[in-house]
Amino acid sequence: MREILVVANRTLFGENLLEAMRARASADATFRLVVPQSKPSDGYVIYDEVVRDSAQVRVDLALSAVGAEGIVATGEVGDEDPFLATMDAVAERRPSEIIVSTHPATHSGWLRRDLIERIANATGLPVEHVIVDLEHEGKPYDVTLVVANQTSSGDELIEHLKAKAAHGKPHLFVAVVPQADGGGHAPREARERLAAELDRLRAAGLLSSGMIGDPDPYTATMNALELFNVDDVVISTLPNERSGWLRANLIERVKGATAMPVEHVVVDPSATPTAAQAS
């Protein structure tokens, strides 16, 4: 079996990278995706755990997307330095070739550090550089950020997301569940809610992954918008007077901070007892 190492981060869902993988896909070829951790250049304070989780979300979504096309792949989160991440992967299981995907030179920190040449010189392996210009080429997938906590498994939310996925391009969903306190480690309750939400999304046939966010839902949303390249945002809350998020004007604040569409889904567990876990 030939193993092809793919090193990418924010360009993982670019059409040019997918085409390079499709062209190499065969009965005797497997792919290993390595996604280096990367913090946004600016924005709110972000826990190291969140940075790693965001990279794992990219790995999960990428594996789901290529798996849906019949491409055999494994994936992992790598060192924040893309050169070290690549060298670690090569040392562990030497591939037959390497694909490195970056933004165009004018926007790529990796290229400013001569990443392609350094990898080729250090490994002696064939290295293909794939340029992904998401700004001009667009993505083969629509990506929706889903922010929810107490209503994360609600029927109304799941049905809304199913309806979105039924139209247009293939759809990927990034779920964010704000944690309940200010600690750097996500509490068990938030993890359980995230796991239940992802179980329901995947049972509905939706390509999805997710992570725990900052305790403040606005900060969690803004951080996710820095970490992921999404097309729209869905925020799910309890009904009016029962929702602390609505009392804090979360929907309006997010709409005021981004130009992308922001949709609000109301989930009422008391009206439909099986819709969500009330708290």
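Here the helices (runs of 4 or more DSSP H) wholly within region 112-229 that include at least 1 residues being at pLDDT 95 or above, of a type in the set (D, E, K, R) and outside the structural domain of Lys255 (by TED's automatic domain parsing) are 115-123.
Among the residues of region 230-248, write down those that are touching a Gly at 6+ places or on another chain (Cβ under 9 Å) and assigned to a loop (DSSP other than H, G, I, E, B). Leu238, the sole residue that qualifies. Checked against the criterion of being touching a strand residue (DSSP E or B) at 6+ places or on another chain (Cβ under 8 Å), more than 28 Å from Lys169 (Cα to Cα) and in a helix (DSSP H, G or I), region 60-76 contains not a single residue that satisfies it. Between Glu128, Glu137, the distinction of being surrounded by 14 or more Cβ atoms within 10 Å (Cβ to Cβ), in contact with an Asp or Glu (Cβ under 8 Å, 6 or more places away or on another chain) and among the acidic types (Asp, Glu) belongs to Glu128 only. Considering region 1-21, and only residues there that are over 13 Å from the mean Cα position of the chain (by Cα) and either hydroxyl-bearing (Ser, Thr, Tyr) or assigned to a strand (DSSP E or B) (or both), the residue that is nearest to His103 (Cα to Cα) turns out to be Val7.
Between Gly43, Gly70, Gly75, the distinction of being at pLDDT 95 or above and not assigned by TED's automatic domain parsing to the domain that holds Gln179 belongs to Gly75 only.
Within region 183-208, being touching a Phe, Trp or Tyr at 6+ places or on another chain (Cβ under 8 Å) and buried (at least 18 other Cβ atoms within 10 Å of the Cβ) holds for Leu201, Leu206, Leu207, Ser208.
The values are calculated or read from the model by the stated rules, or taken from the named source; none is laboratory data. Everything numeric here is computed off the predicted structure, so don't read it as measured data. Counting neighbours? That spans all protein chains shown, and the Cβs are built from the backbone with ideal geometry, glycine included.
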